[in-house]
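Shown next, in structure tokens, is the structure this report addresses.
The values are calculated or read from the model by the stated rules, or taken from the named source; none is laboratory data. Treat the numbers as computed from the prediction; the structure is a model and nothing was measured. Here the Cβ positions follow ideal geometry from the backbone for every residue, glycine too, while neighbour counts run over all protein chains shown. When the accessible area is computed, the model is the full protein with side chains, heavy atoms only, and any ligands, DNA or RNA have been set aside. Shrake-Rupley method; radii C 1.70, N 1.55, O 1.52, S 1.80 Å.
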Amino acid sequence: MPIEEDFTEALRTTLLTFEPPNTSSLVQAGVRNGRRRRRRRATAVGVSGAAVLALVGLGAAAVPGLLSDGRTTHHTIAGPAASATTGSATASATPKPTFTGTLPADRALATLIALLPTGLTHTGPPGGRQAGQLWVDDGHGKSLLEVHVSRQASTTAIRSHVFAGTTPLADGTLIESRQAPPGTGPGHMAVNVLHPDGLYVTLMEWQGTSQNAPSTRSTPVLTLAQLRAIATSPQWQ
């Protein structure tokens, strides 16, 4: 018998010695194996969950109130909240800054008009809206007002040039005022105010309709005391 036929016959004989697999037994074994694996996974998950809960418990012990209910949490932040409220109440006593840099001329003029004494009329000279200028009249001739308001980041130069020798008020505010009688130009008055926070207000008045025209009246519409009261108003904040 050729070698190929011997090999085939031997293989057939060997296969005949095998018994067919017991399908029912295999299925049952697979089910049992699956159940064992499921129990092992459940056990592992349980152990992991317990470990996580233990860690969370440690965290809660280290940070009291972390896992507490809303009431405990509110109690924890009650201290800072009360402090913030107190700070807000204290800050409300001082006007908060509403601008930085230079206050636009139209806003400065709006504040100036609101601070004018009653009984005066006011109009805007040509270009006055951009220059911060306003004509005021008490019925005896016009005076020119000019206002400039800014919040300075550094006040060193202003203090040395404008307020040299000026004694500050109790709160640190510096006020400088000057008055010049009519000469080649109209009579002129000015008030400069520098607040500790850098707020700088300059208010000027001429006894005429412009800075260079002759005086049109013997006295200004606003007195120096009135100019000072307007320049130091908290509404400029």
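Of the solvent-accessible surface of region 149-206, computed with a 1.4 Å probe over protein heavy atoms with every protein chain present, carbon and sulfur atoms account for 56 percent.
Subtracting the Cα-Cα distance of Arg35 and Asn212 from 0.36 nm times their residue separation leaves 53.2 nm of extension gain. Model label points for Ala180 and Phe99, set 7 angstrom from Cα along the Cα-to-Cβ axis, are 2.6 nm apart.
Averaged per residue, region 126-229 has 49 square angstrom of accessible surface, using a 1.4 angstrom probe with ligands and nucleic acids left out. Using 19 Å as the cut-off for backbone N distance, which residues of region 196-212 belong to the label zone defined by a point 7 Å from the Cα of Ser160 along Cα→Cβ? 198, by backbone N distance to the label point. For a paramagnetic label modelled on Ala114 (point 7 Å from Cα along Cα→Cβ), amide N atoms under 17 Å away belong, within region 133-150, to 147-150. Listed peptides 194-204, 166-176 appear in the order 194-204, 166-176 once ranked by packing, highest mean of other Cβ atoms within 10 Å at the front. Each Lys or Arg adds one and each Asp or Glu subtracts one; over the other residues with Cβ under 14 Å from the Cβ of Leu134, this totals -2.
In this rough spin-label picture, where each label sits 7 Å from Cα along the Cβ direction, the Leu169-Gln130 distance is 3.5 nm.
Computed over Cα pairs, the Kirkwood radius of region 154-237 leads via Stokes-Einstein (1.567 mPa s, 4 °C) to a diffusion coefficient of 94 µm² per second. Per-residue packing, averaged as other Cβ atoms within 10 Å, sorts the ranges 207-220, 136-149 into the order 136-149, 207-220, beginning with the highest.
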